[in-house]
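Asks: Input: one structure, supplied below.
The values are calculated or read from the model by the stated rules, or taken from the named source; none is laboratory data. Nothing here was measured: the structure is a model prediction, and the numbers come from that model. All Cβ positions, glycine included, derive from the backbone under ideal geometry; neighbour counts span all protein chains shown.
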Amino acid sequence: MNISQLLNQLPGAVAQGLIWGIMAIGVYITFRILDIADLTVDGSIATGGAVAAILITNGVHPWLAVLIAFLVGMAAGAVTGVFHTVMGIPGILAGILTQLALYSVNLRIQGIGTDLGSRANVPMSINKYKDMLVSLRNVGRFALDNPIWLLLLITAVLIGVMYWFFGTEYGCGLRAVGANQQMARAQGINTGVGKVIGLMISNGLVAFSGALMAQYQGFADVSMGRGAIVIGLAAVIIGEVLFGKIFRNFALRLLAVSFGAIIYYLVIQVVLWLGLNTDDLKLLTALVVALFLAMPFWKTQIAAWRLKGGRQHG
Amino acid sequence: MAESAMLDLRDLRKTFNPGTVVEKKALDGVNLTLQKGDFVTVIGGNGAGKSTMLNAVAGTFPIDTGAVFLGGRDVTHLPEHRRAAFLGRVFQDPMTGTAASMNIEENLALALRRGQRRSLRWGITQKERGIYREKLSSLNLGLEDRMGSKVGLLSGGQRQALTLLMATLKEPELLLLDEHTAALDPKTAEKVLQLTSGLIREGGLTALMVTHNMRDALAMGNRLIMMHEGRIILDLGAEEKRNMTVEDLLLKFEEASGQALANDRMLLAT
Ligand SMILES: Nc1ncnc2c1ncn2[C@@H]1O[C@H](COP(=O)(O)OP(=O)(O)OP(=O)(O)O)[C@@H](O)[C@H]1O
Ligand SMILES: [Mg+2]
């Protein structure tokens, strides 16, 4: 357990954090902007991985593969959106239904071309598919093909595009849908369509992140999205807690989400280095996220309690 | 006639929770026609159907039978967000009319585009900001220097004033005000009412204003209607209204409904 062992792990943690940061920006769009807790993401991240893996192993260029993964992710978001708005199913449940359905869909996607027609894991080695966009093989080297550079670039472009989109007339309308539906409708905004579009963009980004992740780790797996929503929320919350006071601008808020994901993975590396068992990671993550989610509630409780106390004394 | 009317409600009926123990007939055959420029005040007891009538105009829920015409168009089957193109609305709860997590100018920019297709052009232009600054400064609330502040930081009165501005920024064919001063303290309420009168007068707007204040109902507008049990039971024109006191009005209500007017927010005089 020497320090150089930890240091060796850090570049990998940064790369993973950047990839999950893209996913977390998707979560931010539903959770913070649209005010929907969307659990589709656990499924759509694996869908992104599955689509990218099956395309790349069949000779499609990785850039085209991630683009298609993005579109398929949007379709998954649309399904949740329709469950929610057209069929009136509560948002959380709508997401769970899609997530469950996607598990089967993902097995089928990954099974394309196999005898069984279904497969839990698709390996794709960087040795064989040399033009994959990112790979953990190069993450420790200070060189141009280190995946961190490309991931930084992708993150920057993505934040730029989101900043532009949510600043447009249409994007402002979407923000209004999340902020106050009654007001949005009174201003002529179709809140149902708005939610569907928001869910599509979010899940598109999540699948895009899954497509990068599959390349980075060298395989796609149906269970790679388990607990993804919690990691996404962790990133959002870490970003808000650490940078919320200084990052006011929307683009900076998204940057904070990405930072949040990186910090999450750095902390994970440290606690693993300190001796935590990998098997206990999800338990730890869930508890930490629960704590942070409780903060705003506790804050108002404490404020109300103080107010009461203050009145009694004054 | 109906063709030229700004608003035409024909035999509106609405029952909430039909067939259950909590079934409630909220609108029981409402007929109302407003000409362009009419400013009608609406009074009535608790549960009389005032809010339901305004919501039926706005399309918040589908009505059971009847028809709603706005500016000669049949909008009965148009969803709420499509009718918004013709309507300006201010609600009783100051939280309802604005988006708290967005700033003042963003709220105004949303309102300026009410009923328009929202494009991928930038959501707020520099030219608009000038207009907003000017309009905000006419409120005398100092909001013109806080255009970048989140609306959630404003007081209830400031939010209602802003909502009014938003409702009239793009001229509505009909302005719907549902007890929009009820949640405010008397002084602020008075200010917002003055603002309301001013905006309606300057714009020559057609408006329906529900109020629990009998004095305001008499003093404002050119027509007064009284609702009871889902029906309009009294309809006073400008002439009749002018010569009437609050006491006369209460008496009229008892005559028409057979019972005393009961509204827990009612302010008889003051
Ligand atoms: N969404 C709803 N679901 C069920 N019942 C409703 C609904 N909206 C209104 N009602 C009922 O319909 C009746 C009319 O309500 P409405 O809100 O129109 O009254 P109002 O005249 O605005 O009264 P108030 O002065 O209290 O605001 C009431 O009995 C009310 O309980
Ligand atoms: Mg009411």
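Asks: If residue B:251 satisfies all but one of (1) crowded, with 21+ Cβ neighbours inside 10 Å; (2) without any contact (Cβ under 8 Å) to a residue 12 or more places away in the chain; (3) of a type in the set (A, V, I, L, M), what's the number of the condition it fails?
Replies: (1)
Asks: Which of the residues belonging to segment A:71-96 are under 13 Å from residue A:196 (Cα atoms), of a type in the set (Val, Ile, Thr), in contact (Cβ under 8 Å) with a residue 60 or more places away in the chain and outside any loop (DSSP other than H, G, I, E, B)?
Replies: A:80, A:82, A:85
Asks: Which is touching a residue at least 12 places away in the same chain (Cβ under 8 Å) and farther than 30 Å from residue B:226 by Cβ, of B:83, B:118, B:159, B:129?
Replies: That would be B:129, the only listed residue that is touching a residue at least 12 places away in the same chain (Cβ under 8 Å) and farther than 30 Å from residue B:226 by Cβ.
Asks: Could you run through segment A:167-184 and say how many residues are facing chain B (nearest Cβ under 7 Å), more than 20 Å from residue A:252 (Cα to Cα) and in contact (Cβ under 8 Å) with a residue 60 or more places away in the chain?
Replies: Count: 0.
Asks: Take the residues in segment A:185-200 that are part of a helix (DSSP H, G or I) and surrounded by fewer than 24 Cβ atoms within 10 Å (Cβ to Cβ); name whichever of them is farthest from the other protein chains (Cβ to nearest Cβ).
Replies: From segment A:185-200, those part of a helix (DSSP H, G or I) are A:185-186, A:191-200; that's our starting set.
Adding the requirement that they be surrounded by fewer than 24 Cβ atoms within 10 Å (Cβ to Cβ) leaves A:191-193, A:196-197, A:200.
Details: A:191: 7, A:192: 9, A:193: 9, A:196: 14, A:197: 11, A:200: 16 Å.
Here the residue is A:200.
Asks: Right, another one. So which residues in segment B:70-86 are touching an Asp or Glu at 6+ places or on another chain (Cβ under 8 Å) and either within 11 Å of chain A (Cβ to nearest Cβ) or basic (Lys, Arg) (or both), if there are any at all?
Replies: Correct list: B:86 only.
Asks: Among the listed residues B:61, B:86, B:69, B:39, identify the single one that is touching a strand residue (DSSP E or B) at 6+ places or on another chain (Cβ under 8 Å), aromatic (Phe, Trp, Tyr) and within 16 Å of ligand 1 (Cβ to nearest atom).
Replies: Within the list B:61, B:86, B:69, B:39, the selection yields B:61.
Asks: On to the next question. If you go through segment B:34-48, how many residues are in a strand (DSSP E or B) and farther than 20 Å from residue B:215 by Cα?
Replies: 1
Asks: For segment A:238-253, does any single residue satisfy the condition of being buried (at least 23 other Cβ atoms within 10 Å of the Cβ), of a type in the set (A, V, I, L, M, F, W, C) and either more than 20 Å from residue A:92 (Cβ to Cβ) or touching a helix residue (DSSP H, G or I) at 6+ places or on another chain (Cβ under 6 Å) (or both)?
Replies: Scanning segment A:238-253 turns up at least one residue that is buried (at least 23 other Cβ atoms within 10 Å of the Cβ), of a type in the set (A, V, I, L, M, F, W, C) and either more than 20 Å from residue A:92 (Cβ to Cβ) or touching a helix residue (DSSP H, G or I) at 6+ places or on another chain (Cβ under 6 Å) (or both).
Asks: Now for a different question. Taking only pairs six or more apart or across chains, which ones have beta-carbon atoms under 9 Å, a first residue in segment B:174-188 that is within 22 Å of residue B:36 (Cβ to Cβ), and a second residue that is of a type in the set (Lys, Arg) and within 16 Å of ligand 2 (Cβ to nearest atom)?
Replies: From segment B:174-188, the pairs are B:175/B:89; B:176/B:89; B:177/B:89; B:178/B:50; B:178/B:89.
Asks: Okay, next question. Check whether at least one residue in segment B:187-199 is within 24 Å of residue B:163 (Cα to Cα), within 15 Å of ligand 1 (Cβ to nearest atom) and surrounded by 15 or more Cβ atoms within 10 Å (Cβ to Cβ), and report yes or no.
Replies: no
Asks: Still on this structure: Hey, residue B:88 hits all of (1) among the small types (Gly, Ala, Ser); (2) over 19 Å from residue B:221 (Cβ atoms); (3) at pLDDT 95 or above but one; which does it fall short on?
Replies: (2)
Asks: Evaluate the following for residue A:162: is it surrounded by fewer than 24 Cβ atoms within 10 Å (Cβ to Cβ), within 14 Å of another protein chain (Cβ to nearest Cβ) and part of a helix (DSSP H, G or I)?
Replies: The answer is yes for residue A:162.
Asks: Being crowded, with 20+ Cβ neighbours inside 10 Å, of a type in the set (S, T, N, Q) and within 13 Å of chain A (Cβ to nearest Cβ) is the requirement here; does residue B:52 meet it? Step through it out loud before you land on a result.
Replies: Working: crowded, with 20+ Cβ neighbours inside 10 Å: yes; of a type in the set (S, T, N, Q): yes; within 13 Å of chain A (Cβ to nearest Cβ): no.
It is false that residue B:52 is crowded, with 20+ Cβ neighbours inside 10 Å, of a type in the set (S, T, N, Q) and within 13 Å of chain A (Cβ to nearest Cβ).
Asks: I've got another one for you. May I ask you to verify whether residue A:146 is away from every other protein chain (no Cβ under 14 Å) and among the polar types (S, T, N, Q)?
Replies: Yes: the conditions hold for residue A:146.
Condition check ((1) on the phi > 0 side of the Ramachandran plot; (2) away from ligand 2 (no atom under 16 Å from the Cβ); (3) in a helix (DSSP H, G or I); (4) in contact with a helix residue (DSSP H, G or I) (Cβ under 8 Å, 6 or more places away or on another chain)) across all residues:
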residue: B:152; (1), (2), (3), (4): no, yes, yes, no
residue: B:157; (1), (2), (3), (4): no, yes, yes, yes
residue: B:166; (1), (2), (3), (4): no, yes, yes, yes
residue: B:176; (1), (2), (3), (4): no, no, no, yes
residue: B:193; (1), (2), (3), (4): no, yes, yes, yes
residue: B:201; (1), (2), (3), (4): no, yes, yes, no
residue: B:215; (1), (2), (3), (4): no, yes, yes, yes
residue: B:224; (1), (2), (3), (4): no, yes, no, yes
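Asks: Report yes if residue A:270 is crowded, with 17+ Cβ neighbours inside 10 Å, in contact (Cβ under 8 Å) with a residue 40 or more places away in the chain and part of a helix (DSSP H, G or I), otherwise no.
Replies: So residue A:270 does not fit the description; no.
Asks: Mind listing just one residue for me: the one in segment B:6-60 that is within 28 Å of residue B:219 (Cβ to Cβ) and polar (S, T, N, Q) and, of those, farthest from ligand 2 (Cβ to nearest atom)?
Replies: B:35
Asks: So which residues in segment B:108-133 are assigned to a helix (DSSP H, G or I) and more than 8 Å from every other protein chain (Cβ to nearest Cβ), if there are any at all?
Replies: Within segment B:108-133, B:108, B:112, B:126, B:127, B:128, B:129, B:130, B:131, B:132, B:133 qualify.
Asks: Then there's this: Being aliphatic (A, V, I, L, M), within 14 Å of ligand 2 (Cβ to nearest atom) and touching a strand residue (DSSP E or B) at 6+ places or on another chain (Cβ under 6 Å) is the requirement here; does residue B:75 meet it? Spell out how you get there, then give the answer.
Replies: On the way: aliphatic (A, V, I, L, M): yes; within 14 Å of ligand 2 (Cβ to nearest atom): no; touching a strand residue (DSSP E or B) at 6+ places or on another chain (Cβ under 6 Å): yes.
In short, no.
Asks: Continuing with this model, one more query. List the residue pairs whose Cβ atoms are under 9 Å apart, where the first residue sits in segment B:224-241 and is over 12 Å from residue B:256 (Cα atoms) and more than 14 Å from ligand 1 (Cβ to nearest atom), the second is polar (S, T, N, Q) and part of a strand (DSSP E or B), and the two are 6 or more positions apart or on different chains.
Replies: The qualifying pairs are B:224/B:41; B:241/B:41.
Asks: With the checklist (1) within 14 Å of chain B (Cβ to nearest Cβ); (2) assigned to a helix (DSSP H, G or I) in hand, flag the one item residue A:256 doesn't pass.
Replies: (1)
Asks: State whether the residues of segment A:204-224 include one that is of a type outside the set (A, V, I, L, M, F, W, C) and assigned to a loop (DSSP other than H, G, I, E, B). Steps first, answer last, please.
Replies: Filtering segment A:204-224 down to residues of a type outside the set (A, V, I, L, M, F, W, C) leaves A:204, A:209-210, A:215-218, A:221, A:223.
Narrowing further to those that are assigned to a loop (DSSP other than H, G, I, E, B): A:218, A:223.
Yes, there is a match, as at least one residue in segment A:204-224 is of a type outside the set (A, V, I, L, M, F, W, C) and assigned to a loop (DSSP other than H, G, I, E, B).
Asks: Would you call residue B:61 more than 14 Å from chain A (Cβ to nearest Cβ) and either assigned to a loop (DSSP other than H, G, I, E, B) or at pLDDT 95 or above (or both)?
Replies: no
Asks: Residues that are buried (at least 23 other Cβ atoms within 10 Å of the Cβ), in contact with a Ser or Thr (Cβ under 8 Å, 6 or more places away or on another chain), over 27 Å from residue A:165 (Cα atoms) and within 12 Å of chain A (Cβ to nearest Cβ): does segment B:93-102 have at least one?
Replies: Yes, because at least one residue in segment B:93-102 is buried (at least 23 other Cβ atoms within 10 Å of the Cβ), in contact with a Ser or Thr (Cβ under 8 Å, 6 or more places away or on another chain), over 27 Å from residue A:165 (Cα atoms) and within 12 Å of chain A (Cβ to nearest Cβ).
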